[in-house]
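Data block below; observations after.
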Amino acid sequence: MDPNVTTFDNKVDGGKVRSTIVQYLHSSVAPLLRGSFNEHIGRQLLGSTAELVRLAGWAAYDQEDHGLAQSYLIQALRLARAASDAHSAPKSWPP
């Protein structure tokens, strides 16, 4: 995960960063996931996407939208598992 995004999330309200992340996921990441790529690139893409979705989950949690946060974190876990990336898997729920 880009440390700048994580730092930004820590400095501002999670809701402000969540909308930016979700917009980026829909506009830029989703089309990439529908594309063709080899296994190595696919694992990297899924792992990076898992990190972004995880961050969106914690941003929703910061806004006290726990149901939405849980949905994001479950999806992040699925993406991380698909990428075989234990480091991107969400940590405990709730924190």
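Here are some notes:
- Scan of region 17-58 for residues that are assigned to a helix (DSSP H, G or I) and either hydroxyl-bearing (Ser, Thr, Tyr) or touching a Lys or Arg at 6+ places or on another chain (Cβ under 7 Å) (or both), ordered by number: 19, 20, 24, 27, 28, 48, 49, 56
- Exactly one residue among 50, 82 is in contact with a Leu (Cβ under 8 Å, 6 or more places away or on another chain) and either more than 21 Å from residue 20 (Cβ to Cβ) or open to solvent by 70 Å² or more (accessible area, probe 1.4 Å) (or both), and that residue is 82.
- Note on region 59-77: residues that are assigned to a helix (DSSP H, G or I) and surrounded by fewer than 21 Cβ atoms within 10 Å (Cβ to Cβ) total 10.
- The residues of region 28-45 that are within 15 Å of the chain's Cα centre (by Cα) and either of a type in the set (Asp, Glu) or open to solvent by less than 40 Å² (accessible area, probe 1.4 Å) (or both), listed by number, are 29, 30, 45.
The values are calculated or read from the model by the stated rules, or taken from the named source; none is laboratory data. Just so you know, these numbers come straight off a predicted model, no measurement behind them. Here the Cβ is made from the backbone with ideal geometry for all residues, glycine too, and neighbour counts use every protein chain on show. Heavy atoms of the whole protein, side chains included, go into the accessibility calculation; ligands, DNA and RNA do not. Shrake-Rupley method; radii C 1.70, N 1.55, O 1.52, S 1.80 Å.
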